[in-house]
Every structure is written in C-alpha cells, then in structure tokens.
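Input: a single structure, listed below in structure tokens.
The values are calculated or read from the model by the stated rules, or taken from the named source; none is laboratory data. Quick caveat, the model's predicted, so the values are computed rather than measured. Here Cβ is always computed from backbone atoms with ideal geometry, including for glycine, and neighbour counts include all displayed protein chains. SASA here: full protein model, heavy atoms, side chains in, ligands and nucleic acids out. Shrake-Rupley method; radii C 1.70, N 1.55, O 1.52, S 1.80 Å.
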Amino acid sequence: MKASAFSYARATSVVNALELLVAHGDKAKVLSGGQSLMPAMNLRLISPELIVDIGELSELRGIAVKGDVLTIGALTRHVDLLRSPEIAAHAPLLTEAIAHVAHPAIRNKGTIGGSLAHADPASELPACMLALNATIIVRGQSGERRIAAVDFFRGIYETALSAHELLMSVELPVARKNSAHFFLEFARRHGDYAIAGLATQAIVAGGSFTDLRLAFFAVGDRPVLAGAANKLVNVAMTPAVFSEASMVLGKELDPQDDQQASASMRRHLAKVLLARCVSALLGRPGLHAGGIA
Ligand SMILES: Cc1cc2nc3c(=O)[nH]c(=O)nc-3n(C[C@H](O)[C@H](O)[C@H](O)COP(=O)(O)OP(=O)(O)OC[C@H]3O[C@@H](n4cnc5c(N)ncnc54)[C@H](O)[C@@H]3O)c2cc1C
C-alpha cells in the first residue's frame, strides 16, 4: 500500500516550521528521519495532509557537553549517538541501548527526537530518558517548555507534545562518580522491538545502591520508572529485601497481552530483568526472578 496524497514543505527555520504547524494544526506532521512516520503513512494508519520536513534544520542536530549537562539535539541520528565519544563518556547507558534500536539502515536515518515524539512503549530511548532523568525541551510559538521525561510519555504513541510544538533537544545530567548502568532487553531477534526491557542508571557505594532508576519498557502503555527501586536503595541486599522489591515490581506493572507475549509472561520477564540488573550492578550472581538462591 502507498500513502494517501499529501503536500510537502521543507522548513527553512524553526520559526518557519512552527508557522506551518500552527497553520495546519493536526493535519500536519513533522518529518525527521521518517523511519516511523513513513511506514505508518504507507500503511494508512495516519494520513496527514502536510508533511513538514525539518531535516535541514542544523541547529537541531548535535551533541554538546557544558558543565554537568549533556545536550542532544532532536535531529541527532541513532548512529551519531552510537559513535559519539561524548555519549560513551557521559551517558554510556545510551551507547549500550542504541545498539538494540532496529538495524543499521534504520539507525542511519532515525533520530532521537523522532523516537521520543513517536513514543512507542517498546522503544529503548524513551526508557533511557527516564533512567537518565532527562529533561525534554519543546518549542511552540509562545516559547519553550522543559518537560521531565517522567511526565513526557502519556500512553501508546502519546506524549506531552502538542501538534503545534517541535521537540528541540534533550538534556541529561552527565554520569556522576560511582555511577553504573545496566541495559538488557528480551526480543525475538536482535534489532526487533523488545518483548520486555530494562534501562537502569544507578549509584553504587559500599556494595549498596545509593540511587537507582529502573526504567522498564514494553511492559505497559509507556516506559515505567519502577517504584520497586525504593526498596533496593540504601539497604544491604538480602534475600528478603530482593524478594520484596520483586513482588512490588510485579504489582506495579500493568503489561499488555499481545501476539508477542502474555501479560503474565511480561511480568515474569520484568522480574528476571530486575534480578539480572541487581546481580550485575552489585556483583551478586545468586539473584533470580523469585528471590536469591
Ligand atoms: C523495521 C523497523 C524496526 C524498528 N525497530 C525499532 C526498535 O527496535 N526500537 C526503536 O526504538 N525503534 C525502532 N524503529 C523506529 C526507529 O527507531 C525510528 O527511527 C524512530 O522511532 C523515529 O525516528 P525518526 O527520526 O525516523 O522519526 P519520524 O519517523 O520522522 O517521526 C516519528 C514521529 O515523531 C514525530 N516527530 C519527529 N521528529 C519530531 C520533532 N523533532 N518534534 C515533534 N515531532 C516529531 C513525527 O511527526 C512522527 O509522528 C524501527 C523502525 C523500523 C522501520
């Protein structure tokens, strides 16, 4: 199938892109890498009347570190993140996660802004934004809004962005001393969307977590910053502590049933991910989904 007929405009500036979005309202769609938009149009899941191509807006591209803030422009491609020494040094969780996003041909075109605006609950990058405590910067004609990642994702393909706004960039705090990260997903094949996944950023001191951000994906209608982490912070890891956290996690998640996995399978996989994460970060190989061996 091919997309319905549509008009195309190449934005010449951010101001011009915003003018076009305001003029056409929800009949317009922003085009970045096109790796999610074009398949959705070709399947006629969406039929925008106007495509606003922002691909030439170089001010939306790039990675910069200033003080303890890492800024990534919305048009920065997945491949740029994968190869960036700044990302590897200051947000290594992203370097690890991005290798699981699709395949090289898609990573060569797809952008971080497109991935976050698309908000597929099985996507890796939205969960990383939660784990890394990112701020997402959006701009409309009335100015800029700074939105905490945890408030940005609102549901399946739903975000806090309005049809009149552009996602401009994301800001991440650079990795602190003693920080550690963990990324793992279960997918049928490498590069497929995950069946269940976990992106984690932590601070480890003296064999315990002093900070722990567990962001699960593909186990709900949006990425989930798990409250179970609170059970694992500033405590010595014992079988009872871990089992309690695993039980809390099982209760707080509300996964979906689909052709890939049942809800109970996803809940189980999330507990396996939690066990592997805590094992890896605290060097405790005995942990498993049900507790500690
Ligand atoms: C076969 C295949 C496998 C894939 N596998 C994965 C995977 O495993 N994991 C994964 O995370 N992704 C996967 N993807 C999606 C891929 O990562 C996309 O590149 C990404 O989701 C969207 O980025 P894009 O730049 O291509 O956005 P586009 O397709 O251009 O846009 C996506 C949506 O975001 C909006 N948008 C884009 N940029 C902005 C902006 N700056 N401001 C406001 N709105 C904006 C668009 O209007 C559109 O609604 C896969 C895609 C394909 C085709």
The chain - mean residue ellipticity at 222 nm from DSSP helices (-39,500 (n - 2.57) per run, n ≥ 4, rounded to 500): -8500 deg cm²/dmol
Total charge dipole magnitude, the stretch 1-54, about the Cα centre, Cβ charges on Lys, Arg, Asp, Glu only, Debye to nearest 20: 200 debye
Express the C-alpha Rg of the chain as a ratio against the empirical globular expectation 2.2 N^0.38 Å, rounded to two decimals. 1.03
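Does the stretch 64-177 come out rounded, prolate or oblate by the C-alpha gyration tensor, with a ≥ b ≥ c the root eigenvalues, rounded set by a/c under 1.5 and, if not, prolate when a/b is larger than b/c and oblate if not? Could the numbers behind the result be given before it?
Working: a/c = 1.59, a/b = 1.20, b/c = 1.32.
Verdict is oblate for the stretch 64-177.
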Residue among GLY206, GLY113, GLY191 with the largest mean-square fluctuation in a Gaussian network model of the chain, springs linking Cα atoms under 10 Å: GLY206
Calculated from backbone phi, Karplus (6.51, -1.76, 1.60) coupling profile of the stretch 159-164 in Hz, x at Gly/Pro: 9, 7, 5, 8, 5, 9
With every protein chain present, what is the per residue accessible area of the chain (1.4 Å probe, Å²)? 45 Å²
Amide H of ASP211: which non-local residues (sequence gap of 5 or more, or other chain) have their own amide H closer than 5 Å, using H built in the peptide plane? ILE203
Counting Lys and Arg as +1 and Asp and Glu as -1, each charge on the Cβ, what is the dipole of the chain about the Cα centre in debye, to the nearest 20? 480 debye
Alpha carbon centre of the stretch 71-120 versus the stretch 187-229: separation in Å? 17 Å
For the stretch 46-113, shape from the Cα gyration tensor axes a ≥ b ≥ c, cut at a/c of 1.5 then a/b versus b/c, turns out oblate
TM-like helix rule applied to the chain (DSSP H, alpha carbon span at least 27 Å on the long axis, mean Kyte-Doolittle at least 0.5) gives 263-282
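Using the Cα gyration tensor of the stretch 1-101, with a ≥ b ≥ c the square roots of its eigenvalues, what is the shape: rounded (a/c below 1.5), prolate (a/b larger than b/c) or oblate (neither)? Mind dumping the intermediate values first?
Details: a/c = 3.37, a/b = 1.68, b/c = 2.00.
Oblate.
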Using a 1.4 angstrom probe and counting only protein chains, how large is the accessible area of VAL30 in Å², to 10? 50 Å²
Kindly report, to the nearest 10 Å², the accessible surface of MET38 as traced by a 1.4 Å probe over protein heavy atoms only. 60 Å²
Of MET38, ALA122, THR210, farthest towards positive along the dipole that unit charges on Lys, Arg, Asp, Glu beta carbons give the chain: THR210
Quick one: if the Förster radius is 25 Å, what FRET efficiency do ASN178 and ASN230 give, using the C-beta to C-beta distance and rounding to 0.05? 0.85
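If packing is taken as the average count of other Cβ atoms within 10 Å, what order do 213-220, 232-239, 272-279 fall into, highest mean first?
Numbers: 213-220: 26.4, 232-239: 14.2, 272-279: 21.8.
Sorting 213-220, 232-239, 272-279 by mean packing, highest first, produces 213-220, 272-279, 232-239.
Give me the mean projected area, in nm² to one decimal, of the convex hull enclosing the Cα positions of the stretch 170-243. Walk me through the numbers before you get to the answer.
On the way: hull surface 26.1 nm².
The Cα convex hull of the stretch 170-243, projected and averaged over all directions, gives 6.5 nm².
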Can you give the accessible area of GLU19, probe radius 1.4 Å, in Å² rounded to 10? 90 Å²
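Using 0.36 nm per residue of separation minus the Cα-Cα distance, give me the extension gain between ALA5 and ASP221 in nm, one decimal.
Working: separation 216, 0.36 × 216 = 77.76 nm, distance 3.09 nm.
Difference between extended and current length: 74.7 nm.
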